[in-house]
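Remarks on the structure that follows.
The values are calculated or read from the model by the stated rules, or taken from the named source; none is laboratory data. Keep in mind that what you see is a predicted model, and the values were worked out from it rather than measured. Cβ placement follows ideal geometry from the backbone for every residue including glycine, while neighbour counts extend to all protein chains displayed.
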Amino acid sequence: MGNGTFVLAAAVAGAAVFGLSLLIHNEYFFFAGYVVLQYIVLATAWNILGGYTGYVNFGTAAFFAMGAYSSVVLYKLVSLPLPVLMVVGGAISGIVGFGTGYLTLRLRGVYFAIATLALAVVVQTLIVNWDFVGGARGAYIMRPAQVPLFGNYIQYLFLVMLVLAVVALVTARTIERSRLGYGFSAIRDDELAAEAFGVPTLRLKLLATTLSGALMGMAGAPLPYYVTYLDPASGFNLAYAVNSIAMPLIGGTTTWVGPLIGAVLLGTIQQVATVTISSAANLLIVGLLLVGFVIVAPNGIVGLFEQHWRARRA
Amino acid sequence: MSAPTLLAVEDLSKRFGGFVALEAVNFSVAEGERVGLIGPNGSGKSTLVNCLCGTLQNETGTVRFAGQAIDGLPAHRRVRLGIARSFQLPRPFATLSVGDNLRIPLLYAVDARTGVRHSKAEIDARCGELLSLMGLADKAARPPLELSQVEMRKLELARAIAAEPKLLIADEAMAGLSPSEVDDILALLVRLNERGITIILIEHIMRAVMSFSERVLVLVAGRKIADARPEDVVRDPEVTRAYLGE
Amino acid sequence: MHFPFELLANAAVSGLLLGGFYAAVTVGVAISFGMLDIVNIAHPAFIILGSYITYIVNSTLGVDPLVASVIMAPAFFLLGAAIYQVYYLAFEKRGQESLRGLAFFFGLLFITEVALILVFGVDYRYVTAPYAGPSLHLGFLILPLRMLVPCAVSLVLLLGLQLFLARSFAGRAILAVSQDPVALRLMGVSPSRIKRFAFGLSLATAGVAGTLLIIIQPVEPSVGRDYIGRVFAICVLGGMGSLPGALVAAMLLGLVESVTSTFYGPSWSPAIAFGVLLVTLAVRPAGLMGR
């Protein structure tokens, strides 16, 4: 399926999802659905740098929260429509991603991973100490009285995140099948050899880091409006870091479908578990699944399917 | 009347901590030449290749390619300028198919150099061509890990050729091949040379090096100890002592 | 204006004592990351695990924490050996350490922290011991025993390990495996066996460090996260596999943290270690004493 066709198909699918969801008169569905869509974006964004290029990012929370807090800052200064906030959040996170990459991508991959861990803590500490955005006490956000387009603000947020999810998936798929995708794969498989055969590895890695960070920032920008009360503890929740890693690794890292499957599956399980058991127990499940899959099914669910089909053909 | 110098190495040195891998290496290669590089294991041949190609950076000395000093340039820029190498221990891209392994240099070395974007069909065709040249056409869609050692070495060489270099450095590309396979690769290299590609052949298989090369460099313990025609190198007492054995 | 010399001096002293302890926390990572090239970011989680086990043994059986650590160390050693075996079979052998190995340890970090929260809750736990309360007074210097004792134990631990690595066959094999695994194999020593032994050692130090930690301060599950930054900052700053380097870097970090915390407040502490790490990686990745 060519790229143009896919974009169309994705848009249609997205519209269908939204259309069907309007028939559901349960507001909780939109709340939960928003979270799952958010994770689709985060998992897909993580996978561009992690699965495609082979560089692990432990600092999803930092990029995500920077998007959220840039919205808080702008909320206190001037009133802007949500799409604009998302662009700003994406830009800020993208720039920080670029900066982090510039400092550490010339070193080995593990140093980049550790640096992203460092980044998450540094950014969180800066926010905690910044009174303008509420510091440790947090900030209250009021949703605008006028809901753009229609009905319910939560439905609007759901739609916005749905659009972002479609954009993220289309981006991932386009990269996957392009010249850039081959470059990323070469870096992941053998960076030294990739460089020796013409791949500008540093440039591509910076591109992946910036793009990944920007998408995460865009996913974070609407968060303050979703929760209406944002504090560093929730913005930097470890759940974001572990989920954005677990979902692609469990779903499958080599293709855009993997993070989608992982996000929908794990996201839904967690929404159910949080309500029925407890949020700590649900995180434990995610952790166990992550370790289990990584040991037993390194290519994720997608990999298991592929193995199954290959065995049937043989 | 001699051809212009393509590669000039002046006073190249490389250390790893306290260990001196290369010391004051000097030589040049003219356009279209066939040069052999021999030396015992550990003499620094691969380190030299790495320094020429940009995988490692030399500490002192200058490397000039087509008159331009390329010290400090990263490897991918040197490939685009026209130096390509095969790795002594093959380093295929494991999750890409055999054919796609060739796609990388085609996309990132050739297309990038010329600025021309070939279509997928054109690149597929070129991959197929190169694979046929190496006798690997039937393995195009397979993962590289399914290849035998010998086939992997051929793929490695094919990758270097795919980059359409002006200077091709073949680092022990023939290890483990049968005599007739060695002849095949030699014939291929000669054909490439006839088309104008300068070749540096690094090998332990003496008959191959001696028959192929117009000139042979001998590297021992990081130093160049000989730089002459094959028949003269064989008779050089220092070489015999250090390398060929008494 | 009276410059607060006494405050500064005490901050510096407790910083150095803390730094000594930080060295014990880091030595395990100096082995696993510095020498074996295994990025065990779950190391701090195992330290916290050690703290909690010490707490249980101390509060239910009244066992002195230091005695508890002597018993815990072998248990943690075996745990480390088991974890390495899984890591080796699942990742090292398959050549997938970089992405999946990292994710594996991250998963372990996560599971350990969440499991501790589920079992113990988020309340702070502490131990009771004769040296947990009193302090030594030297002039205007106050030396809390609860910091002095762990620092002393830590220095002994470091010295012991350094001697072991330099003098014993097993120790030198560990140093060798990071430099030349092939040569090691030619000598008839299996690299994976040595690595398993070393990783077990690494985790054993984590257990001991956990005991020391809960002597110094009350512990709750998320405390481990503060130590991820410290551990890697010290490891990198100290020059990866160098134990003396780790000690110097640890004391330096302890000093900086303590002085900053005293004069600017504790809410900046977590960022200091990571900030140091980022700067080191950007400016001098080989560390102070790096190769």
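Can you tell me which residues in the range B:177-186 are outside any helix (DSSP H, G or I) and within 20 Å of residue B:200 (Cβ to Cβ)?
Of all residues in the range B:177-186, those outside any helix (DSSP H, G or I) come to B:177-178.
Correct list: B:177 only.
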Checklist entry - Are any residues in the range A:48-77 within 14 Å of another protein chain (Cβ to nearest Cβ), farther than 17 Å from residue A:90 by Cα, in a helix (DSSP H, G or I) and of a type outside the set (Phe, Trp, Tyr), and if so, which ones? => result A:50, A:51
Checklist entry - Which residues, counting only those in the range C:169-194, are closer than 16 Å to residue C:240 by Cβ and touching a Phe, Trp or Tyr at 6+ places or on another chain (Cβ under 9 Å)? => result C:174
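May I ask you to verify whether residue A:245 is under 17 Å from residue C:105 (Cα atoms) and not acidic (Asp, Glu)? Steps first, answer last, please.
On the way: under 17 Å from residue C:105 (Cα atoms): yes; not acidic (Asp, Glu): yes.
Answer is yes for this residue.
Given the criteria surrounded by fewer than 20 Cβ atoms within 10 Å (Cβ to Cβ), modelled with pLDDT under 85, among the β-branched types (Val, Ile, Thr) and within 30 Å of residue A:251 (Cα to Cα), does residue A:154 qualify? Even if it seems obvious, please write down each step before you answer.
Working: surrounded by fewer than 20 Cβ atoms within 10 Å (Cβ to Cβ): yes; modelled with pLDDT under 85: yes; among the β-branched types (Val, Ile, Thr): yes; within 30 Å of residue A:251 (Cα to Cα): yes.
Criteria met by residue A:154.
Among the residues of the range C:63-93, write down those that are assigned to a helix (DSSP H, G or I) and among the charged types (D, E, K, R). If you could, list the steps in order and put the result at the bottom.
First pass over the range C:63-93, keeping only residues assigned to a helix (DSSP H, G or I): C:65-92.
Once the filter is applied, which keeps residues that are assigned to a helix (DSSP H, G or I) and among the charged types (D, E, K, R), the range C:63-93 yields only C:92.
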Checklist entry - Quick one: which of A:15, A:10 is within 22 Å of residue A:219 (Cβ to Cβ), in contact (Cβ under 8 Å) with a residue 40 or more places away in the chain, surrounded by 12 or more Cβ atoms within 10 Å (Cβ to Cβ) and out of contact with any Ser or Thr (no Cβ under 9 Å at 6 or more places or on another chain)? => result A:10
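Conditions tested, residue by residue: (1) modelled with pLDDT under 95; (2) within 14 Å of another protein chain (Cβ to nearest Cβ); (3) part of a loop (DSSP other than H, G, I, E, B).
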| residue | (1), (2), (3) |
| --- | --- |
| B:71 | yes, no, yes |
| B:89 | yes, yes, yes |
| B:96 | yes, yes, yes |
| B:122 | yes, yes, no |
| B:127 | yes, yes, no |
| B:132 | yes, no, no |
| B:164 | yes, yes, yes |
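With respect to residue C:57, determine if the residue is within 14 Å of another protein chain (Cβ to nearest Cβ) and in a helix (DSSP H, G or I).
Numbers: within 14 Å of another protein chain (Cβ to nearest Cβ): no; in a helix (DSSP H, G or I): yes.
Against the criterion (within 14 Å of another protein chain (Cβ to nearest Cβ) and in a helix (DSSP H, G or I)), residue C:57 does not qualify.
A quick yes/no check of all residues on (1) more than 30 Å from residue A:49 (Cβ to Cβ); (2) free of Cβ contacts under 8 Å to residues at least 40 places away in the same chain:
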| position | (1), (2) |
| --- | --- |
| C:92 | no, no |
| C:103 | no, yes |
| C:106 | no, no |
| C:134 | yes, yes |
Checklist outcome for this item: The residue that is surrounded by the most Cβ atoms within 10 Å (Cβ to Cβ), considering only those in the range B:208-237 that are without any contact (Cβ under 8 Å) to a residue 24 or more places away in the chain and under 20 Å from the mean Cα position of the chain (by Cα), is B:226
Next on the checklist: Is it the case, given these coordinates, that residue A:253 is in contact (Cβ under 8 Å) with a residue 12 or more places away in the chain and within 14 Å of chain C (Cβ to nearest Cβ)?
Outcome noted: yes
Checklist outcome for this item: Over the range B:74-87, the set of residues under 11 Å from residue B:160 (Cα atoms) and part of a loop (DSSP other than H, G, I, E, B) is B:82, B:87
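What number of residues in the range B:32-66 are in a loop (DSSP other than H, G, I, E, B) and either more than 14 Å from chain A (Cβ to nearest Cβ) or touching a Phe, Trp or Tyr at 6+ places or on another chain (Cβ under 8 Å) (or both)? Outline the logic, then answer.
Going residue by residue through the range B:32-66, those that are in a loop (DSSP other than H, G, I, E, B) are B:32-33, B:39-44, B:54-59, B:66.
This time we only want the ones that are either more than 14 Å from chain A (Cβ to nearest Cβ) or touching a Phe, Trp or Tyr at 6+ places or on another chain (Cβ under 8 Å) (or both), so: B:32-33, B:39-44, B:58-59, B:66.
Qualifying residue count, the range B:32-66: 11.
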Next on the checklist: Which condition from (1) surrounded by fewer than 16 Cβ atoms within 10 Å (Cβ to Cβ); (2) more than 9 Å from every other protein chain (Cβ to nearest Cβ) is the one that residue C:248 breaks?
Outcome noted: (1)
Next on the checklist: Give all pairs with beta carbons closer than 9 Å in which a residue from the range A:180-193 that is at the interface with chain B (Cβ under 7 Å from one of its Cβ atoms) meets a residue that is of a type in the set (Lys, Arg) and assigned to a loop (DSSP other than H, G, I, E, B); count only pairs at least 6 apart in sequence or on separate chains.
Outcome noted: A:189/B:91; A:190/B:91; A:192/B:91; A:193/B:91
Checklist entry - Of the conditions (1) away from chain A (no Cβ under 14 Å); (2) out of contact with any Pro (no Cβ under 6 Å at 6 or more places or on another chain), residue C:216 fails just one. Which one is it? => result (2)
Checklist entry - Does the range A:97-118 hold any residues that are modelled with pLDDT under 85 and more than 7 Å from chain C (Cβ to nearest Cβ), and which are they? => result A:105, A:106, A:108
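Find the helices (runs of 4 or more DSSP H) located wholly in the range A:176-264 whose residues include 1 or more that are basic (Lys, Arg) and over 15 Å from residue A:55 (Cβ atoms), and list them. First the steps, then the outcome.
On the way: elements: A:179-189, A:191-196, A:201-220, A:223-227, A:232-235, A:238-251.
In the range A:176-264, A:179-189 are the helices (runs of 4 or more DSSP H) which contain 1 or more residues that are basic (Lys, Arg) and over 15 Å from residue A:55 (Cβ atoms).
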Checklist entry - Looking at the range A:176-185, is at least one residue surrounded by fewer than 22 Cβ atoms within 10 Å (Cβ to Cβ), at pLDDT 90 or above and within 18 Å of the chain's Cα centre (by Cα)? => result yes
Checklist entry - Taking the range A:78-91 as the search range and keeping residues that are touching a residue at least 60 places away in the same chain (Cβ under 8 Å) and not in a helix (DSSP H, G or I), which one is farthest from the other protein chains (Cβ to nearest Cβ)? => result A:81
Item to check | Members of the range C:98-135 that are within 7 Å of another protein chain (Cβ to nearest Cβ), under 23 Å from residue C:69 (Cβ atoms) and surrounded by fewer than 21 Cβ atoms within 10 Å (Cβ to Cβ) | outcome: C:115
Next on the checklist: Any residue that is surrounded by fewer than 17 Cβ atoms within 10 Å (Cβ to Cβ) and more than 14 Å from chain A (Cβ to nearest Cβ) - is there at least one of those in the range C:85-97?
Outcome noted: no
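Looking only at the range A:19-46, filter to residues that are surrounded by 24 or more Cβ atoms within 10 Å (Cβ to Cβ) and aromatic (Phe, Trp, Tyr); which one of those is nearest to residue A:245 (Cα to Cα)? Let's see the steps before the verdict.
Filtering the range A:19-46 down to residues surrounded by 24 or more Cβ atoms within 10 Å (Cβ to Cβ) leaves A:37-46.
Filter once more, so that each one left must be aromatic (Phe, Trp, Tyr): A:39, A:46.
Working: A:39: 11, A:46: 7 Å.
Per the stated criteria, the residue is A:46.
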